[in-house]
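Report on the structure given below.
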Amino acid sequence: MSQVDQKKPLPDDVARQLCEQFDAYKKKYGLNFIAKPVIKNDQEDFSEWMCGFPGRNGTLWEGALLKLRVTFPSNYPVEPPAFIFDPPIPHPNVYPNGYVSLPILYPTNWKQRTTVSQLFKALDEIMAHPDRENPANAVAFFEFCERPEKYKERMRKAAKKFNFVQFAKSYNYG
């Protein structure tokens, strides 16, 4: 068994709370947001969610639907979840392995009462306005700071690559 398979499941009340929070976010912010718990051993695993995160209108990511994995530790909400773009995206605040550098998720900043909605709002903000204080991708950060036109061109290409059709194919929807 792998480490992931041996992980303790989330308590039922925490899993229920996450379902409610994901549903509330989707209702408030639109149909373009997709979130489903991962299926493992023919059961929903509420500690890992696959999401389709839409690029905000008016930004370089407009039109994109980014594949995002959200993993919750077994002691959530004591510890923060992790946000991982899969596949990784070329963004100043996303590590080459796809993990997102988001201050609200740092253990030193984490607050147990933080909601799914607050997490996704913070992600949306950092996608639209990269955080210069917390770079995670040296190439994207350099382009963002020193070669903004090249950065914009690269982000637009990436946004076109990560559209709904590609997202659906990656989940065998179409």
Considering residues that are more than 22 Å from residue 163 (Cα to Cα) and in contact with a Pro (Cβ under 6 Å, 6 or more places away or on another chain), the number found within region 13-44 is 1
Counting only residues that are modelled with pLDDT of 95 or more, surrounded by 15 or more Cβ atoms within 10 Å (Cβ to Cβ) and of a type in the set (Phe, Trp, Tyr), region 104-136 contains a total of 1
Subset of region 77-94, residues buried (at least 21 other Cβ atoms within 10 Å of the Cβ), over 12 Å from the mean Cα position of the chain (by Cα) and without any contact (Cβ under 8 Å) to a residue 60 or more places away in the chain, comes to 92
Note on region 99-155: residues of a type in the set (S, T, N, Q) and out of contact with any Asp or Glu (no Cβ under 8 Å at 6 or more places or on another chain) are 108, 109, 112, 114, 115, 117, 118, 134, 137
Of the residues in region 61-71 that are modelled with pLDDT under 95 and surrounded by fewer than 20 Cβ atoms within 10 Å (Cβ to Cβ), the one that is nearest to residue 160 (Cα to Cα) is 63
Residue 20 - would you say it is out of contact with any Asp or Glu (no Cβ under 9 Å at 6 or more places or on another chain) and modelled with pLDDT under 95?
yes
Within region 6-49, residues assigned to a strand (DSSP E or B) and buried (at least 18 other Cβ atoms within 10 Å of the Cβ) come out as 34, 35, 37, 45, 46, 47, 48, 49
Residue set 74, 101; condition surrounded by 13 or more Cβ atoms within 10 Å (Cβ to Cβ), of a type in the set (Ser, Thr, Tyr), modelled with pLDDT of 90 or more and closer than 29 Å to residue 156 by Cα; output residue 101
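The values are calculated or read from the model by the stated rules, or taken from the named source; none is laboratory data. Just so it is clear, the model here is predicted, and its values are computed rather than measured. Virtual Cβ from ideal backbone geometry, glycine too; neighbours counted across all protein chains shown.
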